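This report refers to the structure that appears directly beneath it.
Read-outs throughout are calculated quantities, based only on the coordinates presented, and are distinct from any laboratory measurement. The structure displayed is predicted, hence computed values, not measured ones. All Cβ positions, even for glycine, are placed from backbone atoms using ideal geometry, and neighbour counts span all protein chains on display.
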Ligand SMILES: Nc1ncnc2c1ncn2[C@@H]1O[C@H](COP(=O)(O)OP(=O)(O)OP(=O)(O)O)[C@@H](O)[C@H]1O
């Protein structure tokens, strides 16, 4: 079976941790679709399964049950070597902790995905991303010589230079001040609007979720709600309503 409408799709995703007598349900049967050229935020209380969901759909972790598709590829059917190739070639990642290689310059970090794949960098795309992220005068600095916001912009550039089918961002602004957060989120927003990038982001911040097109809410390993065209105020209200009702 093939499917082409969604950038990423998952059905019946379930994942548990621990032994049977002390089983933790991280995902309890999630059906989800991330549409192309859309910016989706995933929110929910601590422990609700956000990171597990992202890791399972991105091919960083394996679910116990369910099926994941990235484009026409069934990720859940791939062997480890094919999964490594898919993560390298078709998916971009941005993590809270930046995860840059300390001995490489900013430019070397940005072009690392091409080195890993044994491919020549696509200079036009690299150049456009460097300009868009305002990194031109920092290219020969090492991560330790960059601010947190600059390091995260380098990580974002690295995630985008291969023009991946989807960028997964796990709390990308968790370590940034509000000005640097807004800059980074504004860039992710423009990558969706101007380049047709698909972005999926886990966040705790209503103000960050407001940059997305759609916010999905997880609770106890299940998707329980959705807000489209979010504002920080509406997202906050919705979060409070879960707390009030225990929904
Ligand atoms: N490696 C693991 N071993 C055991 N339990 C785990 C493991 N990873 C996650 N869990 C449990 O699975 C559940 C979901 O965790 P997950 O990290 O996906 O939640 P989250 O919503 O991302 O939380 P947070 O917002 O605190 O990062 C939690 O109860 C967590 O304790």
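Let me know the shape class of the range 144-247, please: from the alpha-carbon gyration tensor, a ≥ b ≥ c as square roots of the eigenvalues, rounded when a/c is under 1.5, otherwise prolate if a/b is greater than b/c, or oblate.
Judged from the Cα gyration tensor, the range 144-247 comes out prolate (a/c at least 1.5, a/b above b/c).
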Fluctuation leader among 45, 102, 206 - the chain, Gaussian network, Cα springs under 10 angstrom: 102
Coordinate range along principal axes, alpha carbons of the range 163-219, Å, largest first: 29, 26, 16
For the chain, built as a Gaussian network whose Cα springs stay under 10 Å, the top-fluctuating residue of 160, 133, 78: 78
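Rank by packing, highest mean first: peptides 169-176, 56-63, with packing defined as the count of other Cβ atoms within 10 Å averaged across residues.
169-176, 56-63
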P(r) weight above 12 Å for the range 109-148, C-alpha pairs, percent: 64 percent
Fewest-first ranking of 240, 50, 15, using other Cβ atoms within 10 Å as the exposure measure: 240, 15, 50
Share of alpha-carbon pairs per 5 Å distance bin for the chain, given as whole %: 1, 6, 14, 17, 19, 17, 12, 8, 4, 1, 0, 0
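Show that you can apply the helix-only estimate: for the chain, add -39,500 (n - 2.57) for every DSSP H stretch of four or more residues, divide by all residues, and state [θ] at 222 nm to the nearest 500.
Working: 9 runs with 89 residues, N = 247.
Using -39500 (n - 2.57) per qualifying helix, the result is -10500 deg cm²/dmol.
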Debye intensity ratio in log₁₀ form over the Cα atoms of the range 94-207, taken at each q of 0.16, 0.21 Å⁻¹: -0.67, -1.21
Fraction in percent of alpha-carbon pairs per bin - 10 Å, the range 1-94: 15, 48, 30, 6, 0
Distance between the range 218-237 and the range 37-83 - C-alpha centres, whole angstrom: 19 Å
Using distinct alpha-carbon pairs, which all enter the 1/r mean, Kirkwood radius of the range 74-120 in Å: 12.2 Å
With 5 Å bins from 0: P(r) over the range 63-150, alpha-carbon pairs, percent: 2, 11, 19, 20, 17, 12, 9, 7, 2, 0
